Structures are given as structure tokens and as C-alpha cells.
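Shown next, in C-alpha cells, is the structure this report addresses.
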Amino acid sequence: MTRPDRPLLDVRGVVYRYGAISALRGVDLHVGKGEAVCVIGPNGAGKTTLARVAGGLYRPAEGTVLVGGEPLPKRPYEVVARGVGSVLEGRHLFVEQTVRTNLELGCYHGNVPKAVVRERMEKVMDLFPVLRERADQRTSTMSGGEQQMVAVGRALMAEPEILILDEPSMGLSPKITGEVFDALAALREDGLSILLIEQNAPLAFELADRGYLLRQGAVVVEGSIEELTNDDLVRSAYLGA
């Protein structure tokens with residue numbers, strides 16, 4: 001597969017271990033500017049670990065993660081300032097705070113003027129209108145789908161160049177899942193790069209340009225969505241064919 005000269009996100013030979021157990025075993029992956037890339041795989045494949053390494057939350061034992069050709073910074077707030085946004089599995093919201101406060105915390109990585117914060121919040125609320133209605137509501141009182149919208153919105157408040165999402169459809173109703181993925185498709189159309197970790201392969205394939213199949217911590221299949229759709233292993237395990 002042709003690789004861009006300088007991908008926006010470039011994961012090279014990454015190894016990550018939990019003690020003696022290797023969760024990632026020499027993973028190579030890249031996301032180009034304006035590209036949507038998905039990673040599918042079974043439970044325990046290392047998908048969440050990969051999302052956290054790519055997002056700068058975990059440091060690999062071996063290999064490198066580059067953003068714009070430069071090594072990923074060590075501190076999470078520096079990673080955000082470099083244009084990497086993450087929506088983690090489980091959302092990790094400040095649930096006793098309001099929607100508005102959670103969104104504002106997405107700008108905590110730098111001295112963002114209040115007028116800019118308000119402008120970014122309006123963009124997020126245009127994307128997810130229910131958040132405008134619930135702006136002063138505690139997130140603990142919201143549905144799982146609404147909380148997922150807050151989590152995505154909080155990441156967008158930093159205006160990332162690439163958004164990394166770990167299982168965003170998990171636990172959501174089909175209706176809410178559709179709304180979240182419609183918003184992601186709109187962001188992609190606006191030029192945002194996306195790395196989507198998702199067990200629901202058909203859903204991921206609707207959004208992505210390319211994909212990777214991860215098994216036991218290693219990439220076993222990669223290619224365009226058309227290539228993955230026609231791969232016998234992917235078809236039998238993830239597409240019901």
C-alpha cells in the first residue's frame with residue numbers, strides 16, 4: 001500500500017506490554033491528513049491499547065508515534081496542543097459537572113480566550129443540538145448516547161487535527177449511534193482526520209477510507225475498505241459472509 005510521505009499520524013513498530021504480556025506486537029499504522037481510518041478486531045486484540053498509545057496516554061516499550069513527522073509529546077496536555085484529540089472508551093466525563101463545564105474543560109490545555117471558547121462551543125452545539133438544550137444539565141443525568149456526544153464535543157473543543165475514537169458505538173441505541181456517526185461523517189467532510197477503533201465493522205466501513213484488522217496485538221490485514229470487504233477473513237468474521 002502506498003504510504004504518504006508524511007502522514008499526520010504515524011505509528012511505527014509499536015510494542016506495548018502489560019508486565020510480561022505483549023498487548024501490541026510491532027504495530028504499524030498511519031492516518032493521512034483528511035483521512036478516516038478504522039481499526040477492527042475481536043475483544044482482547046489490543047484495540048484500546050492502540051488507541052491510548054496513538055493518543056499519547058500510554059508510552060510504547062518499543063517503536064515510535066509521530067504527529068506531523070515529529071515524536072508525540074510526553075505530557076497529555078501537550079499532545080492535545082499538538083492537535084490530537086481522544087474520545088476514550090467509557091467517556092471519562094466529569095459526571096457531576098454540567099455539559100457546559102465539560103465542554104469548557106476541552107480547552108484547558110492552553111490560554112484560549114473566552115470568546116474563542118464560546119465560538120467553539122457553538123460549533124459543537126450546532127453539531128449536537130441536544131447539548132445546547134442540556135447545556136446546564138449535569139452529565140450524570142444524561143443518557144449514554146448524550147454523554148457520548150459530550151465526550152466527542154469535549155475533544156472537538158481543542159480543535160484537533162486528528163480525532164481518535166475508541167468504540168464510540170458501544171452501548172448506544174441504533175438511533176443515537178446513527179446521530180453520532182452522522183456527526184463524524186460531517187467532521188470528516190470538513191477535513192478532520194479520524195482514527196476510529198470500532199468492533200462494529202459494517203458501521204466503521206461506512207465512515208472510513210482504509211482499515212486495519214488487529215488480532216492478538218498485531219495487524220493481520222490492512223487495505224482500502226473495498227479490499228477489506230473482499231478479504232475472506234474479514235468477511236467471515238465481521239461481515240457475516
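Bear in mind these aren't lab numbers, they're just calculated from the coordinates by the rules spelled out. Note that the structure is a prediction, hence the values are computed from the model and not measured. Quick reminder, even Gly has a Cβ in these numbers, built from the backbone with ideal geometry, and neighbours come from all protein chains shown.
Odds and ends about this structure:
- Here the Gaussian network model covers the chain, with springs between Cα atoms less than 10 Å apart; of GLY106, GLY55, GLY191, GLY191 fluctuates the most.
- Cα-derived Rg over Rh, computed across the chain with Rh taken as Kirkwood radius: 0.96
- Added length on full extension, which subtracts the Cα-Cα distance from 0.36 nm per residue, SER173 to SER224: 15.6 nm
- Spatial offset of segment 165-198 relative to segment 107-154 amounts to 16 Å, using the alpha carbon center of each.
- Two-site label geometry, ALA61 and ASP136: point separation in nm, points 7 Å out along Cα→Cβ: 5.2 nm
- Antiparallel %, DSSP beta bridges [both residues in segment 9-238], to 5: 55 percent
- Ellipticity estimate at 222 nm from DSSP helix runs (n ≥ 4, -39,500 (n - 2.57)) divided over the chain, nearest 500: -10000 deg cm²/dmol
- Pairs of lysine residues in segment 9-238 - Cα separation under 26 Å, sequence separation of 8 or more or cross-chain: 7
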